[in-house]
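S.K.: Pasting in a structure now, in structure tokens, and then I'll have a few things to ask.
The values are calculated or read from the model by the stated rules, or taken from the named source; none is laboratory data. Because the structure is a prediction, the values reported are computed rather than measured. Positions of Cβ are generated from backbone atoms using ideal geometry, with glycine treated the same way; all protein chains shown enter the neighbour counts.
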Amino acid sequence: MAIFRYPRPAPSDITPKDVYLSRREMLGAGALSLTAMLAGTASAEALKTHPGPYSGGLTPTPEEFVTGYNNFYEFGMEKDDPVSHSSDFHPLPWTLEISGMVKKPQRLDVGALLKSADIEERIYRMRCVEAWSMIIPWDGIPLAKLLQAAEPESGAKYVAFESIVRPSEMPGQSSAFSGISWPYVEGLRLDEAMNPLTLLAVGIYGESLPNQNGAPIRLVVPWKYGFKGIKSIQRIRVMDKQPPTTWNRLAPNEYGFYANVNPQVDHPRWSQASERVIGSKTLFGTKRQPTLMFNGYGEQVAGLYRGMNLHDNF
Amino acid sequence: MTISRSAAPAFVRRHWSIVLYPLGLLPAVWLVWEGQNGNLGADPVNVFERSLGLWAFRFLLVCLALAPLQRVVSFNLVRFRRLTGLLAFFYAVLHLAAYVVLDLQFDVGIFWRDLTHRTFIILGMAALTLLLPLALTSNRFSMKRLKRGWKRLHRLVYGAAILAGIHFFLSFKTLNGTSALYLSLLALVLLARAPMIWISFRRKGAGRL
């Protein structure tokens, strides 16, 4: 029995595959404006996804908010910049490289991964460091599966992630303002990366990721603040040292390496004790709810941090 | 001295405040309307709250810009100082109300922690606090009662503007175009007023306030 429901696209809404595949030719033919419109709809590909674990009892946020309200500074600093400035981004073809301290370095064809029957749906809470939250039905593959295939060496302790740099397709990367040095980088401890909750997402709502949500492949770590979920990942490197992370580099007193959701540890500018729930249609209907320790995933991850001072390691 | 006289109907000329105060409230009315109709996006409270703060800052900038601009235009601009100043105060109060009522939903615990721990919020609160005596004494009666003290008291507006500017800047996660624009405007206005500020603070008995 399905305990959740969200609008799946009708078959008639799905762009025929030949139209999708021919969009480059049409570009060549000079049908520029028409193609730009089609490319926007054609980029969503239905996935062979099946329900995975840890999704119980959550109702996804309406899709329009999940795909229209994003922090993705590569495309701009406002929440609606990613959706409006990412149409020039071409996520495919894409190769994801897994290297570093591994016995079997991998080069994964993400286009092929999108067709995989291993993709599972995980409905997770998403808590942004800015004190708002959503519930997102991701489709992806546990990161542990891919890391196991690469066989990390015995001295490996951390995993570093690196996003793509394409200023010609990502206007935010050529903006002088953000102060971020590209590529966006993130990192996890190896045991965090191997946790069964940690997901490499290739889709949301049963379809391939829209550009603004981190196409074609992104990280999802539901017990951490959203900025840990690095988007459009090109390289994953297994290391023995803690890798630098973008927001920590920018403001070390505001954003830690761990960035675990923790209602007791406030951000210098926001209380983290509670959060605005995204999804209300009206101003006066907006809800606020208490933030849960580890975003409600304590059962799965509290053990990773036993004995650690979470105020110092924020 | 004749531009306004010929451009505006007699009623507006005589009772401009009756027309302009409601006009100044339009952005707030419009924001509520848009918010209730689902047009403020995924996080309407955040947009509402930030927009109100930005309007407060805009009116404060206009208020400070009137006197320097007076030197280059021929009609009476300075008479709008009370209007724009009061609107700035009004929007700042709405901004705070939106934060406490719609955002925090009366969570007094968080509000108190914010007021005592978060620089960004302390600065915003301080700016609003400085505007309060200015709003309360923005009438002819107070002007007469306070005499020269009134001018001295109203120098607090510089403090409020600078605190509000820093508060605004800190409300963003990184450097960005919007904060850069408004901080440049603030710098410009203060620079244009520099001679006035200099004279006003050097005046006899200006040691305090």
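S.K.: Say whether the condition of being within 25 Å of A:Asn195 (Cα to Cα), surrounded by fewer than 20 Cβ atoms within 10 Å (Cβ to Cβ) and hydroxyl-bearing (Ser, Thr, Tyr) is met by at least one residue in the range A:226-233.
M.R.: The answer is no; no qualifying residue exists.
S.K.: I'd like to check something: does the range B:128-141 contain any residue that is in a loop (DSSP other than H, G, I, E, B), modelled with pLDDT under 95, within 16 Å of the chain's Cα centre (by Cα) and farther than 22 Å from B:Pro68 by Cβ?
M.R.: Yes - at least one qualifying residue is present in the range B:128-141.
S.K.: Regarding A:Glu74, is this residue in contact with a strand residue (DSSP E or B) (Cβ under 9 Å, 6 or more places away or on another chain) and within 14 Å of another protein chain (Cβ to nearest Cβ)?
M.R.: Answer is yes for this residue.
S.K.: Report whether or not A:Pro243 is more than 8 Å from chain B (Cβ to nearest Cβ), assigned to a loop (DSSP other than H, G, I, E, B) and over 26 Å from A:Gly56 (Cβ atoms).
M.R.: For A:Pro243, the condition - more than 8 Å from chain B (Cβ to nearest Cβ), assigned to a loop (DSSP other than H, G, I, E, B) and over 26 Å from A:Gly56 (Cβ atoms) - is met.
S.K.: Then there is this: Is there a residue being on the phi > 0 side of the Ramachandran plot and more than 14 Å from chain B (Cβ to nearest Cβ) anywhere in the range A:208-223?
M.R.: yes
S.K.: Among the residues of the range A:169-183, are any out of contact with any Ser or Thr (no Cβ under 7 Å at 6 or more places or on another chain) and of a type in the set (Val, Ile, Thr)?
M.R.: no
S.K.: Condition check: under 19 Å from A:Gly226 (Cα atoms) and either out of contact with any helix residue (DSSP H, G or I) (no Cβ under 9 Å at 6 or more places or on another chain) or at pLDDT 95 or above (or both). Does A:Val159 satisfy that?
M.R.: Answer is yes for this residue.
S.K.: Let me ask another. Look through B:Leu104, B:Leu94, B:Leu123, B:Leu115 and report the one residue that is exposed (fewer than 15 other Cβ atoms within 10 Å of the Cβ) and either under 30 Å from A:Pro263 (Cα atoms) or within 14 Å of chain A (Cβ to nearest Cβ) (or both).
M.R.: B:Leu115
S.K.: Another one. I'd like to know if the range A:101-122 contains one or more residues that are among the hydroxyl-bearing types (Ser, Thr, Tyr) and touching a Ser or Thr at 6+ places or on another chain (Cβ under 8 Å).
M.R.: No, there is no match, as no residue in the range A:101-122 is among the hydroxyl-bearing types (Ser, Thr, Tyr) and touching a Ser or Thr at 6+ places or on another chain (Cβ under 8 Å).
S.K.: List the helices (runs of 4 or more DSSP H) inside the range B:1-100, counting only whole elements, that have at least 3 residues being more than 19 Å from B:Ala127 (Cβ to Cβ) and over 16 Å from the mean Cα position of the chain (by Cα).
M.R.: In the range B:1-100, the matching helices (runs of 4 or more DSSP H) lie at B:3-7, B:10-14, B:16-36, B:44-70.
S.K.: Give the range A:168-188 a look and list any residue that's within 20 Å of the chain's Cα centre (by Cα) and more than 14 Å from chain B (Cβ to nearest Cβ), or say none.
M.R.: Within the range A:168-188, A:Glu169, A:Met170, A:Pro183, A:Val185, A:Glu186, A:Gly187, A:Leu188 meet the criteria.
S.K.: Find the residue count for the range A:246-256, including only residues that are in a loop (DSSP other than H, G, I, E, B), of a type outside the set (D, E, K, R) and either outside the structural domain of A:Val185 (by TED's automatic domain parsing) or free of Cβ contacts under 8 Å to residues at least 40 places away in the same chain (or both).
M.R.: 3
S.K.: Any residue at all in the range A:85-92 that's in the same structural domain as A:Gly203 (by TED's automatic domain parsing), surrounded by 18 or more Cβ atoms within 10 Å (Cβ to Cβ) and among the aliphatic types (A, V, I, L, M)?
M.R.: No, the range A:85-92 contains no residue that is in the same structural domain as A:Gly203 (by TED's automatic domain parsing), surrounded by 18 or more Cβ atoms within 10 Å (Cβ to Cβ) and among the aliphatic types (A, V, I, L, M).
S.K.: May I ask you to list the residues in the range A:250-285 that are within 8 Å of chain B (Cβ to nearest Cβ), buried (at least 17 other Cβ atoms within 10 Å of the Cβ) and among the β-branched types (Val, Ile, Thr)?
M.R.: A:Ile278
S.K.: Let me ask something else about it. Test each condition in (1) surrounded by fewer than 16 Cβ atoms within 10 Å (Cβ to Cβ); (2) touching a residue at least 12 places away in the same chain (Cβ under 8 Å); (3) more than 14 Å from every other protein chain (Cβ to nearest Cβ) for B:Leu134 and report the one that comes out false.
M.R.: Of the numbered conditions (1) surrounded by fewer than 16 Cβ atoms within 10 Å (Cβ to Cβ); (2) touching a residue at least 12 places away in the same chain (Cβ under 8 Å); (3) more than 14 Å from every other protein chain (Cβ to nearest Cβ), the odd one out for B:Leu134 is (1).
S.K.: Report, ordered by the first and then the second residue, all pairs with beta carbons closer than 6 Å, sequence separation of six or more or different chains, a first member in the range A:61-75 that is in the same structural domain as A:Pro167 (by TED's automatic domain parsing), and a second member that is among the hydroxyl-bearing types (Ser, Thr, Tyr).
M.R.: A:Glu63/A:Tyr205; A:Tyr73/A:Ser178; A:Phe75/A:Ser86
S.K.: Just to be sure I understand the filter: pairs with C-beta atoms under 8 Å, separated by 6 or more residues or on different chains, first member in the range A:199-220 and in the same structural domain as A:Ala259 (by TED's automatic domain parsing), second member of a type in the set (S, T, N, Q) and assigned to a strand (DSSP E or B). Which pairs pass?
M.R.: So the pair list comes out as A:Val202/A:Ser208; A:Ala215/A:Ser208; A:Pro216/A:Ser208.
S.K.: Also, quick follow-up: Name the residues in the range A:86-133 that are hydroxyl-bearing (Ser, Thr, Tyr) and within 30 Å of A:Pro290 (Cβ to Cβ), would you?
M.R.: A:Tyr124, A:Ser133
S.K.: Then there is this: Can you pull out the residues in the range B:9-46 that are surrounded by fewer than 16 Cβ atoms within 10 Å (Cβ to Cβ), more than 14 Å from every other protein chain (Cβ to nearest Cβ) and of a type in the set (Gly, Ala, Ser)?
M.R.: Residues satisfying the conditions are B:Ala10, B:Ser17.
S.K.: Quick test of your reading of the structure: A:Leu108 fulfils all but one of (1) within 14 Å of chain B (Cβ to nearest Cβ); (2) assigned to a strand (DSSP E or B); (3) free of Cβ contacts under 8 Å to residues at least 40 places away in the same chain; (4) of a type in the set (A, V, I, L, M). Name the failing condition by number.
M.R.: (1)
One line per residue, one yes/no per condition, for (1) modelled with pLDDT of 95 or more; (2) touching a Cys at 6+ places or on another chain (Cβ under 8 Å):
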| position | (1), (2) |
| --- | --- |
| B:Leu60 | yes, no |
| B:Arg71 | no, no |
| B:Ala88 | yes, yes |
| B:Ala97 | yes, no |
| B:Leu115 | no, no |
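S.K.: Has the range A:290-297 got any residue that is touching a residue at least 60 places away in the same chain (Cβ under 8 Å), under 24 Å from A:Phe65 (Cα atoms), over 20 Å from the mean Cα position of the chain (by Cα) and at the interface with chain B (Cβ under 10 Å from one of its Cβ atoms)?
M.R.: No.
S.K.: Could I ask something else about it? Could you pull out the residue among B:Phe90, B:Phe59, B:Phe11 that is under 24 Å from B:Met196 (Cβ atoms) and of a type in the set (Phe, Trp, Tyr)?
M.R.: B:Phe59
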